[in-house]
Structure formats: structure tokens, C-alpha cells
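A short worksheet on the structure shown next.
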Amino acid sequence: MQLNLKRPVAFFDIESTGTNVVKDRIVEICFFKVMPDGTTETRLRRINPGIPIPPEVTAIHGISNEDVANEPTFKQVAKSLNELLKDCDLAGYNSNKFDVPMLIEEFLRCDIDFNLKNRNLIDVQNIFHKMEPRTLKAAYKFYCDKELVDAHTAEADTIATYEILLSQLQRYEEVEYEDAEGNISKPVVNDMEALFKFSYNHRNADLVGHIVYNAHGQESFNFGKHKGKTLDEVFKKEPQYYDWMMNADFPLYTKNVLKEVRFRALENSNMILKK
């Protein structure tokens, strides 16, 4: 099938130093430009962000500070990228939430007004999520091929969830899964411990993801002004931040994690003093 185009559309993806549109910078960008006549053009460019790439981010996309040390800055390539995208619609995966805002921010820093008016912004992820809703009702129809009667009643939802798991065990038996690091396994098996390991977000140190483990297994903030910093580091330099969190409207489980980290730090300090 060929796309029905009135003007070019540029599919693109960005790798960056992080997910903060204001503070982070692009380190790699790829465009796959499709013309109305069906011809295509691919451009891949690594970019020196001018700021360090955190190790935990390098672990995700594989691009290190050394890899981009001799690459041009975004400002040096901004005009050519702007010309490449002239009169193009834009498309990507989760692009409207991340890639487009990140790209526009970079252009504006270079005083290039990359105008989005009259451009079509196609987000393939949004199409996916809207056409394949991630609701219990949709999952029940997909896995069990039945309509969920009395949805949003506790009993009906509970039984439906049980039936969905049974169907998943059958559907994904011997089906391979590749994780972000390229490891291949067959994780959906009839074993509760294995299902826990596969279905739970083990990066979270608390249940809601305010506190996560970094690449070194250290509890780190995942929000606010200290995002990316370890709890030990922050509490040592700014002990009042601990008091603020304990008195603020955070989940009790999150506060328990804070207490554990704080207590462990105090224990370590006492051990050092005793030596």
C-alpha cells in the first residue's frame, strides 16, 4: 500500500539526554521522508547536545558522550533540518507528546520559528491506543472473545481478569519476548513468580513510581527538582526535603521507602563513627 499524500510526510524519532523537553537535548534524530510520488529519503544524524548524557540514559539508547563528542550541535544543523522538513507533515510513535515538542524546543533555541500551523501531526501510538483500547472490557473481548456484562462491578471485573489471565497463558505459551536490552525469553508461563517478574515494573522503588532504582540500584527521585538524584544525595545536602515529603501529600508506601533509606543512611553513619 502507498500512502495517499498531498505533500511529503516525515516520519521521525528522537533520542535525547532525557525526557524533560526544557532541560534535555537531542543526541540523535532520524527522518524517513515519504514524497507524494512514493519515493523516500532517509536522514540520520547524531548531535552533540552540549550537556552530559546520563549513564542511565546511555544504558537505554546506547549513545554515550564519547559517541557525540565530535558531532555538530543542533544549532549547526538546524537550518538544513528546517529545509528538509519544509512543507512536511510529521509522523512518529508517541511523537505528539515527546518528539515534536522536543524538536520544536530545539528549533526555538536557534531562533527558528518552526511553524506547526497547517501541518498534520500523525501519532501512530495514539491510533494504536484508540483502536486497541487498554481497558478491561477491550482485553476481555480480545482474549476471551466475549462481551463483559456488568462492567465496573467488582465481581464481574474480578472474574473477567481471571479468565483473561487463563487466555493469556494459552495464547502466549512458548511465545518469545525481547526486552529493551535485547534479551529473549518466554516469560508468560503458568508460574506466579515468573508472571510477577514479567508484569511488575521492578524499576519502581515505591508503588507509584515517585521513587525508582537507577542503573546502580540506588533509590532515586523520579519527579520534581531532584529528578534523577539519589535519595541519599538529596537528604545529605538538603535534609529539610525529607521533612517536606513526610509532611506532604505522598502515599504512605512512598513515605515508608523514604524512612527506610533515611534509617539506612543513619545506620551507615553510626557504623562509620564507631570505627
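Quick notes
- For Val189, the conditions (1) part of a loop (DSSP other than H, G, I, E, B); (2) closer than 25 Å to Lys137 by Cβ; (3) among the β-branched types (Val, Ile, Thr) are fulfilled apart from (2).
- Flag if Leu44 is modelled with pLDDT under 95 and either under 17 Å from Asp13 (Cβ atoms) or touching a Leu at 6+ places or on another chain (Cβ under 7 Å) (or both): yes
- Residue check for Asp206: surrounded by 10 or more Cβ atoms within 10 Å (Cβ to Cβ) and in a helix (DSSP H, G or I): no
- Scanning the range 19-53 for residues that are buried (at least 19 other Cβ atoms within 10 Å of the Cβ), assigned to a loop (DSSP other than H, G, I, E, B) and touching an Asp or Glu at 6+ places or on another chain (Cβ under 6 Å) yields a total of 1.
- Condition check for Asp179: of a type in the set (Asp, Glu) and either farther than 28 Å from His202 by Cβ or exposed (fewer than 10 other Cβ atoms within 10 Å of the Cβ) (or both): no
- Just one of the listed residues (Glu71, Glu147) is outside any strand (DSSP E or B) and not assigned by TED's automatic domain parsing to the domain that holds Met35, and it is Glu147.
- Within the range 1-36, the residues that satisfy the criterion of being without any contact (Cβ under 8 Å) to a residue 24 or more places away in the chain and within 17 Å of Leu85 (Cα to Cα) are Cys30, Phe32.
- Scanning the range 242-268 for residues that are farther than 18 Å from Ala205 by Cα and in a helix (DSSP H, G or I) turns up Asp243, Trp244, Asn247, Leu266, Glu267, Asn268.
- Any chance Arg119 is surrounded by fewer than 15 Cβ atoms within 10 Å (Cβ to Cβ) and in the same structural domain as Arg45 (by TED's automatic domain parsing): no
- From the list Asp206, Asp243, Asp249, Asp232, the one residue that fits, being among the charged types (D, E, K, R), under 27 Å from Asn20 (Cβ atoms) and touching a residue at least 40 places away in the same chain (Cβ under 8 Å), is Asp206.
- Residues of the range 134-181 satisfying the condition of being of a type in the set (S, T, N, Q) and touching a residue at least 12 places away in the same chain (Cβ under 8 Å): Thr161, Ser167, Gln168
- Picking from residues in the range 101-116 that are charged (D, E, K, R) and over 12 Å from Asn82 (Cβ atoms), the one that is surrounded by the fewest Cβ atoms within 10 Å (Cβ to Cβ) is Arg109.
- Identity of the residue in the range 122-169, of a type in the set (Phe, Trp, Tyr) and under 25 Å from Tyr93 (Cβ atoms), that ends up surrounded by the most Cβ atoms within 10 Å (Cβ to Cβ): Tyr143
- Close pairs (8 angstrom Cβ cut-off, 6 or more residues apart or separate chains): under 14 Å from Pro55 (Cα atoms) and in contact (Cβ under 8 Å) with a residue 60 or more places away in the chain in the range 213-229, outside any loop (DSSP other than H, G, I, E, B) and hydrophobic (A, V, I, L, M, F, W, C) anywhere: Ala215/Ala59; Gly228/Phe221
- Selection of the range 182-196 for residues being surrounded by 12 or more Cβ atoms within 10 Å (Cβ to Cβ) and closer than 21 Å to Ala59 by Cα yields only Ser185.
The values are calculated or read from the model by the stated rules, or taken from the named source; none is laboratory data. Small disclaimer: the values here were computed from a predicted structure and weren't measured. Backbone-built Cβ (ideal geometry, glycine too); neighbour counts: all protein chains shown.
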